[in-house]
Each structure stands twice: as C-alpha cells, then as structure tokens.
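Okay, so here's the structure we're looking at.
Derivation of every value follows stated rules applied to the coordinates shown; laboratory data play no part. Just so you know, these numbers come straight off a predicted model, no measurement behind them. Positions of Cβ are generated from backbone atoms using ideal geometry, with glycine treated the same way; all protein chains shown enter the neighbour counts.
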Amino acid sequence: MTLTCPECEGPVELAEPVRLSEIAQCGDCSSELEVVELDPVSLSLAPEIEEDWGE
C-alpha cells in the first residue's frame, strides 16, 4: 500500500496488513510516521520519544 507523507508529500510504502500505531519512514525526507487511522488509512508525524527521568 502506498500513502503520501504528510511532511513532504512523497510516497510511503506500507506492508499489508496495516496496523494502528505502526511506524514507517518516508524514503524522501526520512520523517518517522505513525499510522493514526485505519479507515481510511492515514499517517501523521510520529511523536518524539521523550525521557521520563524516572518520574
């Protein structure tokens, strides 16, 4: 399945079956993307991993 990167509008390939919260990387701009909806499948920028400092 090919989707469009929300950052650069380049093509992003996802293997089927697509799963919610799956992480993909754009081949054009290297952005990390997350599957946020399944019907229809849509991508958004994946959140940055934050340190919790033991809290």
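Peptides 18-31, 36-49 ranked from most to least packed, by the mean per-residue count of other Cβ atoms within 10 Å: 18-31, 36-49. Quick one, which of [x] 39, 23, 15; [y] 30, 30, 14; [z] 34, 23, 17 is the actual Cα extents along the principal axes in Å calculated for this model? Answer label, from the structure shown: [x].
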